[in-house]
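Worksheet for the structure shown next.
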């Protein structure tokens, strides 16, 4: 059992099943401009914010890489896709959120996606009211795998790091939580991580609802 006062959720790939679509959009938008995205490159990018991903693209493709053009095209494709495809919620999300609410455990979302889209997505799947804090990747200086976004979440929730838990699917998210000395649980999505990454977590589960019997509210009087 984990005794906690707060749980911090990633969004893409953890709460919402957006990673397969994201992968398709990244590959398609780059192919349109003559660039190839390998599996290893996509793995490196999962969980990063725009600032971090932009720097990575330029490090791989050079200074002439047309980041903004490809991003604008990808955003157009994303809008067209989700206009006709509703967001798919990951298994167990609603049950876990309701359970944590009943246990009076604070909750936050800390996503590398920019804040405006995070809030829109949470409202779309009708879960925004569960969260005491929502942070987007455009609201912090250093994106995952730096710990900034999780440290900000802990600060906004008003809890100590040892009394919080991060839920992540990506390598960069796990590294970020570990760098911030915040316990992290992995719920794998597209990629099953190597042992050295999983060793940084306090556990790995197949779905969010499996955590209902794992997480309990910490008794501050104990």
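Worth pointing out:
- Within the stretch 51-63, residues that are assigned by TED's automatic domain parsing to the domain that holds residue 146 reach no partner that is assigned to a helix (DSSP H, G or I) and surrounded by 14 or more Cβ atoms within 10 Å (Cβ to Cβ) with beta carbons closer than 8 Å at six or more positions or on different chains.
Table: residues versus (1) within 22 Å of residue 79 (Cβ to Cβ); (2) in contact (Cβ under 8 Å) with a residue 40 or more places away in the chain.
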site	(1), (2)
111	yes, yes
126	yes, no
133	no, no
150	no, yes
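- Qualifying residue in the stretch 81-89 (condition: surrounded by 16 or more Cβ atoms within 10 Å (Cβ to Cβ), farther than 22 Å from residue 140 by Cβ and out of contact with any strand residue (DSSP E or B) (no Cβ under 8 Å at 6 or more places or on another chain)): no
- Those helices (runs of 4 or more DSSP H) of the stretch 17-77 in which at least 2 residues are surrounded by 15 or more Cβ atoms within 10 Å (Cβ to Cβ) and in contact with a strand residue (DSSP E or B) (Cβ under 7 Å, 6 or more places away or on another chain), considering only elements entirely within it, cover 19-32.
- Flag if residue 111 is under 26 Å from residue 146 (Cβ atoms), crowded, with 16+ Cβ neighbours inside 10 Å and in the same structural domain as residue 193 (by TED's automatic domain parsing): yes
- Complete set of residues in the stretch 177-211 that are in a loop (DSSP other than H, G, I, E, B), in contact (Cβ under 8 Å) with a residue 40 or more places away in the chain and buried (at least 16 other Cβ atoms within 10 Å of the Cβ): 182, 183, 187, 189, 190, 191
The values are calculated or read from the model by the stated rules, or taken from the named source; none is laboratory data. These figures come from a predicted structure and were not determined experimentally. Positions of Cβ are generated from backbone atoms using ideal geometry, with glycine treated the same way; all protein chains shown enter the neighbour counts.
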